[in-house]
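Peer 1: Questions regarding the structure given below will be posed in turn.
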Amino acid sequence: MAKAPAKTTAKTRASVGVGVAALNVNYTKFAAKWKRCRDVTNGQDAVYEAGVEYLPLLLGETTDEYRARQGRTPFFNASWRTVAGFVGMIFRKPPTKDIPPSLDEYLKDVTMTGISLDVFAQDTVYELMTTSLCGIYVDHPPLKTNDDGTPLTVRQAEGMGLRPSMKRYNVEAIRDWKLGRINNKTVLTQVRLSEIKTVAITEFKDEETAVIRVLDLDPDGFYRVRVFIEASEEQDGDDVYPLMNGAKMTEIPFYFLTPDGAEIGYPEPILLDLFDLNLKHYQVSADYEHGCHMTGLPTPWITGHRGEMGPDGKEVKETIRIGSTTMLVFPDKDTKVGFLQVQGGFEALEKNLDRKEAQMAAIGARMLAPEKTGVEAAETLTIRNSGEHSILGAISVAGSTGIESAVNMFARWLNVKKECKYQLNRDFIPFVVDPAKMQAWLAAVQAGKMSGETFFDLLQRGDLIPSDRTYEEEQDRIDATPPPPPLPGAELEEPDEDDPEKKKPAPKDE
């Protein structure tokens with residue numbers, strides 16, 4: 001089970017610092033955890049780059065010796081495989097959507113950088129699986145007006161390249177936020193976000209500046225956007241009041257996504273236990289590889305042997321060669337020779353590595369565990385995967401809620417009135433439909449004990465019908481399909497003896 005998220009209560013709403021660059025009081029506490037999550041899922045290069053943060057120096061070890069020891073140690077990246085596997089399970093079926101066709105072209109590029117909504121959703125779920133918090137900001141360039149002061153129509157704005165877009169902010173970029181009560185409802189009243197502003201200096205050189213974007217509700221309750229230079233905390237440009245249909249907005253179009261949707265706060269990364277155990281595995285692996293390197297080849301030893309004495313009375317240094325083609329002869333009968341080698345290998349370290357891999361599998365890396373032999377009962381499989389389902393379910397709900405809210409704000413900016421639906425898949429394990437089940441369901445429908453819609457849902461769960469097709473659409477397809485011809489050898493309809501038109505003809509004489 002995942003740990004309960006650490007929540008930010010009213011008592012801890014203070015920030016570290018006093019200016020616009022101030023950080024949430026819990027930011028520093030969680031920053032080290034986010035870094036571990038990033039480094040582990042990014043793989044071996046990131047873990048190596050962190051150096052002694054994850055693999056301490058040995059006593060008296062030089063820098064060159066450390067780098068050699070580190071280079072001999074492989075990083076067994078169970079964490080990334082687990083995250084990628086979970087994301088694949090969520091997206092094994094496409095999201096369920098109910099979005100007006102007028103938005104189709106816009107949703108092919110929701111970021112204005114060529115990223116479609118579905119790819120954006122997949123990247124967002126990967127982020128949630130890694131750090132368990134991110135945010136989606138729906139923005140719209142400032143709208144101009146016509147010469148007579150009237151607002152531009154959607155078509156006019158689109159022709160000028162003025163259209164809404166989405167941007168995801170990872171947890172490290174969310175500096176702080178404020179909540180308030182407006183119309184007896186708790187709403188977001190301020191959020192401060194870290195960004196990098198890029199300005200072209202020459203044709204071939206850009207200059208990057210760290211800035212802070214402040215989204216808030218001004219004293220009159222209207223949505224306002226300001227940008228500040230982080231180093232000086234001075235405002236860069238004027239206040240901007242985005243307009244929707246020519247009017248100021250009264251809500252901030254920023255949506256927090258977290259597995260704990262009850263309260264906005266920095267949650268404990270949902271797979272942090274797995275990531276930390278992966279680092280422990282790396283450290284034990286370093287000990288094992290170092291031991292194998294140091295003792296992998298036996299070391300020869302000789303006692304009781306003295307070399308020949310030279311004219312000066314000193315022992316002459318000699319080279320003793322070993323190998324099957326060399327015969328060793330020692331004049332001193334008390335000479336002893338042998339090989340120094342580890343007895344019994346490194347069984348303790350090997351068992352430790354195996355145990356940690358099993359622990360990682362138990363936490364969530366199911367694809368690393370050995371396959372079960374024989375047939376496993378469906379009930380047993382369900383119980384064994386219940387912990388993973390709780391994680392996947394929480395991530396799927398969080399992603400669905402946040403992305404759907406962003407899509408609706410996106411649509412409203414394009415003057416689309418219809419409520420949009422966007423729900424990620426929650427059917428993570430394939431539902432196997434065997435012929436016996438199919439026959440039993442069909443018999444239940446024919447006996448009036450199961451509705452046709454329930455039968456349709458079961459077929460859809462078994463991937464026999466596309467997940468984005470509705471029951472009504474399937475009925476329309478059935479109605480539009482002509483009845484199949486009778487099978488060869490099928491019995492004809494029995495004639496009615498009272499109906500002369502249907503009376504069976506008399507057999508012809510042979």
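Peer 1: What tally of residues in the range 401-435 results from selecting those that are at pLDDT below 80 and assigned to a helix (DSSP H, G or I)?
Peer 2: Result for the range 401-435: 1.
Peer 1: Give me the pairs: first residue in the range 29-45 and assigned to a helix (DSSP H, G or I), second residue surrounded by 14 or more Cβ atoms within 10 Å (Cβ to Cβ) and of a type in the set (Phe, Trp, Tyr), beta-carbon distance under 6 Å, and six or more apart or on different chains, which are they?
Peer 2: Phe30/Tyr266; Arg36/Phe275; Cys37/Phe275; Val40/Phe275; Thr41/Trp80; Gln44/Phe75
Peer 1: I would also like to ask the following. Checking the structure you have, find out if any residue of the range 119-133 is outside any strand (DSSP E or B), more than 24 Å from the chain's Cα centre (by Cα) and at pLDDT 85 or above. Break it down into steps so the answer makes sense when it comes.
Peer 2: Step one: of the range 119-133, the residues outside any strand (DSSP E or B) are 119-133.
Applying the additional criterion that residues be more than 24 Å from the chain's Cα centre (by Cα) yields none.
No, the range 119-133 contains no residue that is outside any strand (DSSP E or B), more than 24 Å from the chain's Cα centre (by Cα) and at pLDDT 85 or above.
Peer 1: Taking the range 51-108, which residues are of a type outside the set (A, V, I, L, M), farther than 22 Å from Ser396 by Cα and outside any helix (DSSP H, G or I)? Explain how you work it out, then say what you get.
Peer 2: Let us first name the residues in the range 51-108 that are of a type outside the set (A, V, I, L, M), namely 51, 53-54, 56, 60-67, 69-77, 79-82, 85-86, 88, 91-98, 100-102, 104-106, 108.
Among the residues that remain, those that are also farther than 22 Å from Ser396 by Cα are: 51, 53-54, 56, 60-67, 69-77, 100-102, 104-106.
Scanning the range 51-108 gives Tyr54, Pro56, Gly60, Glu61, Thr62, Arg72, Thr73, Pro74, Phe75, Phe76, Asn77, Pro100.
Peer 1: Does the range 54-75 include one or more residues that are closer than 28 Å to Glu172 by Cα and of a type in the set (A, V, I, L, M)?
Peer 2: yes
Peer 1: Here's another thing I want to ask about it. Being in contact with a Ser or Thr (Cβ under 9 Å, 6 or more places away or on another chain) and on the phi > 0 side of the Ramachandran plot is the filter here; which residues of the range 178-236 pass it?
Peer 2: Gly221, the sole residue that qualifies.
Peer 1: Residue by residue through the range 437-492, note down the ones that are small (Gly, Ala, Ser), under 42 Å from the mean Cα position of the chain (by Cα) and either at pLDDT below 75 or surrounded by 14 or more Cβ atoms within 10 Å (Cβ to Cβ) (or both).
Peer 2: Ala444, Gly462, Ser467
The values are calculated or read from the model by the stated rules, or taken from the named source; none is laboratory data. Keep in mind that this is a model prediction, so the values were computed, not measured. Virtual Cβ from ideal backbone geometry, glycine too; neighbours counted across all protein chains shown.
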